[in-house]
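Below is one structure, written out as structure tokens; comments come after it.
The values are calculated or read from the model by the stated rules, or taken from the named source; none is laboratory data. Not measured: the values here are computed from a predicted model. Positions of Cβ are backbone-derived with ideal geometry, glycine not excepted, and every protein chain shown enters the neighbour counts.
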Ligand code: DC
């Protein structure tokens with residue numbers, strides 16, 4: 001039987017990590033795990049339940065009450081928070097605004113990383129995030145650091161939100177992206193950085209098909225090596 005690997009995809013916000021990860025997981029018949037959705041679900045729980053995330057003991061208690069699961073279907077991966085589908089709620093601007101600060105909390109990271117490592121125990125997963133190749137799976141057989149120009153990322157995110165009927169200006173989208181980039185890259189605990197053995201892929205001028213075929217080639221090489 002063919003060897004199963006772990007593919008780790010890291011990069012800044014809105015550079016197309018989830019599109020690539022989903023395409024690749026489908027092509028390899030692997031599971032796709034969106035680690036950002038987990039941090040978003042925690043943030044949603046904190047906001048909905050008025051959890052004061054500056055208080056470590058409150059955070060510790062809240063984390064024990066949070067159960068995150070993924071429901072995989074043909075059409076889409078759905079994120080469940082304590083049994084309820086929250087896929088749309090975790091993509092709201094309100095969650096986007098607070099998810100980076102919440103993700104700086106070490107207790108939150110420890111809980112999420114343990115769950116992510118567990119999901120990858122049998123390998124055969126494509127996971128995207130910020131610290132997948134550096135912290136979650138430093139032994140991943142294929143690590144990709146995805147980048148795209150800021151203008152292109154703003155354009156993609158803006159059209160994604162507009163398509164969903166979310167009214168927001170391009171300026172607001174840019175401010176949120178740059179703010180998250182800054183917090184994610186400068187936090188003390190597992191900041192976003194390129195793993196030394198990651199392949200860098202700038203997809204600013206690549207089509208979805210072009211990036212897929214490049215990465216699929218790398219994945220097959222890693223599986224066969
Ligand atoms: O991938 P995303 O934009 O949905 O992620 C939302 C936030 O979650 C991101 O701004 C930082 C945090 N995150 C993280 O700290 N570590 C990860 N592995 C994935 C996401």
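For segment 118-132, taking the residues that are away from the ligand (no atom under 12 Å from the Cβ) and in a helix (DSSP H, G or I), the one that is farthest from residue 37 (Cα to Cα) is identified as 118. Within segment 147-165, if we keep just the residues that are outside any helix (DSSP H, G or I) and farther than 21 Å from residue 77 by Cα, the residue that is farthest from the chain's Cα centre (by Cα) turns out to be 149. Within segment 32-44, no residue that is over 13 Å from residue 116 (Cβ atoms) sits with its Cβ atom under 6 Å from a residue that is more than 6 Å from the ligand (Cβ to nearest atom) and modelled with pLDDT under 95 at 6+ positions apart or across chains. Taking segment 1-106 as the region of interest, the helices (runs of 4 or more DSSP H) fully inside it that hold 1 or more residues being within 13 Å of the ligand (Cβ to nearest atom) and within 13 Å of the chain's Cα centre (by Cα) are 17-28, 35-48, 93-103. Among the residues making up segment 194-204, a single one is buried (at least 16 other Cβ atoms within 10 Å of the Cβ), out of contact with any helix residue (DSSP H, G or I) (no Cβ under 6 Å at 6 or more places or on another chain) and under 24 Å from residue 110 (Cβ atoms): 194. Scanning segment 214-225 for residues that are surrounded by 14 or more Cβ atoms within 10 Å (Cβ to Cβ) and over 21 Å from the mean Cα position of the chain (by Cα) yields 220, 222, 223.
Only residues that are in contact with a helix residue (DSSP H, G or I) (Cβ under 8 Å, 6 or more places away or on another chain), under 24 Å from residue 213 (Cα atoms) and modelled with pLDDT under 95 were counted across segment 117-164, and they come to 1.
Criterion applied to 185, 190 was being under 22 Å from residue 116 (Cβ atoms), surrounded by fewer than 15 Cβ atoms within 10 Å (Cβ to Cβ), under 18 Å from the mean Cα position of the chain (by Cα) and within 15 Å of the ligand (Cβ to nearest atom), and the one residue passing it is 185.
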